[in-house]
């Protein structure tokens, strides 16, 4: 501790002046001492804080002990499980967040993938070429002719919603072209023909088909149709009966079809809308990535299509298979069925129906309906073949060609003899 003190010289006399010297023995406080004092002060504060925290913790612990003593056994277990529960909730939240992020990322990736391929597919379809382009009502309509040098002519009308009739029906048309001239017409909305704004009513479709056929300068031809093509064939045969020689149908749609089954009558519309939705979201595209024939409406897999044909059919189906024209046609099919409800094939025609055993079993009165529609014609024969609706016409070649040859040969003989009889008269 610092102190001041006096120093007196004992040898001085009284007469001498006394000089009082006060010496200050204090020395400046060093930096080290300051630090020590500060440390002491901080230590005291820390000790105080620690004591405060300890008291709080003790109080909390004391409170917890008192609380635990008042809890029942089930409540006590709940209290003990709270930390684990909170941790579990935290982990679940993290998992949900990570999962949502992954879903969002994959969704964006999937959307971009589909947009890019939609652009690519549309471009590819615009480059495809097959058949002959005809102009009907200012729009492009595709016609494919096989066996052009043969005499008897068959005009083939597609079933509903077939993406490319020219490619799809090739197994049958190629087979028949060995004997007959086979002309496949792709109506508007089908294959490479234009998609149009005109209503897809039975009247409009039939008029467009006739306009196309007229440009080909054809007379005395047979109509051949699959499925819904039968409805248009019946209307066409009645409207242009002087041109049509006969009709051959494959599960052809006839009057009173689905009269006792409203769902069946509306199936054209509902199926087109469903397929369009699946096509729009890219389901059909993804479905056929590893196998190009694995489509909503696939090609007949037993036929030896070329790789180019398989690829083209897939791209056409993905790009425009269930377009607005086709969907509008589906929506107006019930109207078309009402239009032909009381129709029958004209008397001067010979009629031949090939029915699948699938539809013959599934649809009530199916055989009778086909008997009735040709009941006023020169002849009307119904033949049931094994197989399913979409492809039975491709794997009964021998039965179909034999029956067809007999059917058309008989008619051809009549065509030859009739003019001679007229000349004799």
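The values are calculated or read from the model by the stated rules, or taken from the named source; none is laboratory data. Keep in mind that what you see is a predicted model, and the values were worked out from it rather than measured. Methodologically, a virtual Cβ is constructed for each residue, glycine included, from the backbone with ideal geometry; neighbour enumeration extends over all protein chains shown.
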Could you list, in sequence order, the residues of the stretch 188-216 that are touching a strand residue (DSSP E or B) at 6+ places or on another chain (Cβ under 8 Å) and without any contact (Cβ under 8 Å) to a residue 60 or more places away in the chain? 193, 194, 209, 213
Of these, 239, 256, which one is under 18 Å from residue 367 (Cα atoms) and surrounded by fewer than 24 Cβ atoms within 10 Å (Cβ to Cβ)? 256
Report whether or not residue 249 is at pLDDT below 95, closer than 29 Å to residue 404 by Cβ and not in a helix (DSSP H, G or I). no
Reported set for the stretch 86-122 where residues are surrounded by 11 or more Cβ atoms within 10 Å (Cβ to Cβ) and more than 19 Å from the chain's Cα centre (by Cα) is 88
Can you say whether residue 224 is part of a helix (DSSP H, G or I), closer than 30 Å to residue 349 by Cα and touching a helix residue (DSSP H, G or I) at 6+ places or on another chain (Cβ under 9 Å), as far as the supplied structure shows? no
